[in-house]
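J.: Handing you this structure, nothing more for now.
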Amino acid sequence: MRRPGSVASLETLGRVRLSRYFWMREFLYSEIGNFHGIPNLPRDPDLAIARGRAFCETLLDPLEETFGRVFVRSGYRSPELNRFGNENGLNCARNDNPLECHIWDHEDMPVAGASIVIPWFADRHDAGRDWRDLAWWLHDHLDYSEINFFPKLCAFNIAWRPVPLRRIDSYVAPKGSLLKAGAAPDVPLAERQRRYGDFPPFRGRVPEGGAVRTGGASAALDRPGETS
């Protein structure tokens, strides 16, 4: 597929189905693009679609199936749009930042990610629930690469990579690093499970090397529990 050069071709791109629940169109919306008149169009639509499909199938679909509606706050960003956002202080990382996840067709970094909100948890966070309850649930159930939490709506960036980094950070108190890349959690599995024990039953697939699904839809799909 070529980069869209007309309304019709952009509509065709937007109709591409990435997974059971997500289409390309919802990831192309951008406040920066709308306000400043910068088209948010992939340079390489086929590459963006392939990575976006892996992202949605691996991470977003299980979230939607488990918690219901997933709200996409910021999805794909073209290199031009992301660079503009970074240079103008609009909360965009540099294009060459190793943790940049919004440029799905970056030729040197195989990654796809988005900033999302889970309304089910956002309501509970507003009522005082600790963001780490969700963070540990994500760690124990999804094959994510990196996660970064933000204060508004308890939104978080979540990214897919073919070789996941497995790191979690937060701008919500307690701020900083919850889990360094590739490190084992310093919170025992039983304690993590206690924190999210009232979450809905998990529906999806277990991550490589992941923990037991607690309250999962099928015990037959569970893996032996980890000890750390």
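J.: Keeping to segment 154-178, report how many residues are surrounded by 18 or more Cβ atoms within 10 Å (Cβ to Cβ) and either of a type in the set (Ser, Thr, Tyr) or over 15 Å from the mean Cα position of the chain (by Cα) (or both).
T.: Residues meeting the conditions: 3.
J.: I would also like to ask the following. Every residue in segment 63-74 that is surrounded by fewer than 21 Cβ atoms within 10 Å (Cβ to Cβ) and farther than 14 Å from Ala112 by Cα, please.
T.: The answer is Glu64, Glu65, Phe67, Gly68, Arg69, Phe71, Arg73.
J.: Would you confirm whether or not segment 25-42 contains a residue that is surrounded by 17 or more Cβ atoms within 10 Å (Cβ to Cβ), closer than 30 Å to Trp137 by Cα, aliphatic (A, V, I, L, M) and over 14 Å from the mean Cα position of the chain (by Cα)?
T.: There is at least one residue in segment 25-42 that is surrounded by 17 or more Cβ atoms within 10 Å (Cβ to Cβ), closer than 30 Å to Trp137 by Cα, aliphatic (A, V, I, L, M) and over 14 Å from the mean Cα position of the chain (by Cα).
J.: Pairs needed: first member in segment 105-132, part of a strand (DSSP E or B); second member anywhere, among the acidic types (Asp, Glu); C-beta distance under 8 Å; at least 6 residues apart or different chains.
T.: If the second residue must be among the acidic types (Asp, Glu), the pairs left are Gly113/Glu146.
A short reminder: the numbers here are calculations on the coordinates, not readings from a lab. It should be emphasised that the depicted structure is a prediction, and the values quoted were computed from it without experimental measurement. All Cβ positions, glycine included, derive from the backbone under ideal geometry; neighbour counts span all protein chains shown.
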